[in-house]
1. Under 37 °C and 0.692 mPa s, how fast does the range 234-307 diffuse according to Stokes-Einstein, given a Kirkwood radius computed over C-alpha pairs? Answer in µm²/s, whole number.
2. At a probe radius of 1.4 Å, what is the per-residue accessible area of Val87, in Å² to the nearest 10?
3. Rounded to the nearest 10 Å², what accessible area does Arg168 have for a 1.4 Å probe in the complete protein model?
4. Counting other Cβ atoms within 10 Å, which GluC sites (Glu not before Pro) in the range 102-156 have at most 15 and lie in a DSSP loop?
5. Once you charge only the Cβ atoms, +1 for Lys and Arg and -1 for Asp and Glu, what is the size of the charge dipole of the chain about its Cα centre, to the nearest 20 debye?
6. Keeping the other protein chains in place, figure out the carbon and sulfur percent of the accessible area of the range 104-268, with a 1.4 Å probe.
7. Specify the angular offset, from 0 to 90 degrees and rounded to the nearest 10, of the alpha carbon long axis of helix 278-298 from the longest principal axis of the alpha carbons in the chain.
8. Report, in listed order, any pair from Lys38/Lys245; Lys14/Lys204; Lys3/Lys226; Lys177/Lys209; Lys10/Lys236; Lys14/Lys134 with a Cα-Cα distance greater than 30 Å.
Amino acid sequence: MRKVLVATEKPFAKVAVDGISGVFNENGYEMVLLENYKDPNDLIKAAADAEAMIVRSDLVTKEVIAAADKLRIVVRAGAGYDNIDLVSATDRNIAVMNTPGQNSNAVAELAIGMMVYMARNQFNGTSGTELRGKRLGVHACGNVGRNVARIALGLEMEVYGFDPFVERSAMEYAGMKCVASAEELFGICQYISLNIPANEQTIKSIDFKLLERMPRNATLVNTARKEVVDEDSLMKMFAERPDFKYISDIAPDCIDEISEKYPGRYFFTPKKMGAQTSEANINAGIAAARQIVGFFENDDRTYQVNI
Ligand code: 3PG
């Protein structure tokens, strides 16, 4: 019987775990669940005899891969796979996949929800502002970006998009006005939603030169990765632009300084929770389980990211 490890330091909703185990039961696979673990060694031990793994933001390091002799596939139930050591996996001929699009509505709803919360002064009773009529810049127009645009258009925001990897026609179809550069996007939009992956090109790419272009009453919304924002630039922007606010699903490393100096101008979720809905857990978790079965039974490599 093939053994699949579902390792989620941040657990899926129970209904999603039931769905995932249903897929494995139907196909005669054994599922082992490792939830809420705190020590990376627990993952290393649990991975030892697994042929497949499902993870979320769990760190699949070279140590985990080295310890997992039988491992043939890792599926990241979600979009970003910057938590997986792709070089080590590829060296061992282990397929790595993600489940694109499955949790993107949840992430987009969080981005818009946090925007409303900040526009209304964190519901502190004072007079805030509305999103209607404001300009939103979608920085990267993949699954999350397009969902952010869809909801923002429903709120009658004016939505602009920049993404060198997405066809102009697809962005226009999603209701966005295309711009030619990140500089242009930041220059015209009071709200910017970051939806870029974390990689060599994007880490620290959101710097002061971009941020300072934002018009008055600028709000930066980050549901991507904290690493894409250059934190020295962030602190400079907070200091030089009293109108600037930062909302993020992942607290920056400089959280203590921000909270001490700039109360009311930031909001950070206590734990990354963009994809923390039952629906997103069900969608991404069950998609991951089916991808594993498809890989073993039919050599289906759709969504493999290390080809
Ligand atoms: C993703 O990359 O899919 C999102 O950031 C969600 O990550 P999570 O599964 O760790 O919540």
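1. 208
2. 100
3. Arg168 exposes around 140 Å² with every protein chain in place.
4. Of the GluC sites (Glu not before Pro), the ones in loops of the range 102-156 whose Cβ has at most 15 other Cβ atoms within 10 Å are Glu130, Glu156.
5. Charge dipole, the chain, about its Cα centre: 640 debye, nearest 20.
6. In the range 104-268, the share of accessible area belonging to carbon and sulfur is 49 percent.
7. Compared with the principal axis, the helix lies near 40 degrees.
8. In this structure, Lys38/Lys245; Lys14/Lys204; Lys3/Lys226; Lys10/Lys236; Lys14/Lys134 lie more than 30 Å apart at Cα.
The values are calculated or read from the model by the stated rules, or taken from the named source; none is laboratory data. Remember, predicted model here, so these are calculated numbers, not experimental data. No Cβ is skipped: glycine too gets one built from the backbone with ideal geometry, and neighbour counts run over all protein chains shown. Ligands, DNA and RNA are stripped out before the accessible areas are found, and what is left, the full protein with its side chains, is counted by its heavy atoms. Shrake-Rupley method; radii C 1.70, N 1.55, O 1.52, S 1.80 Å.
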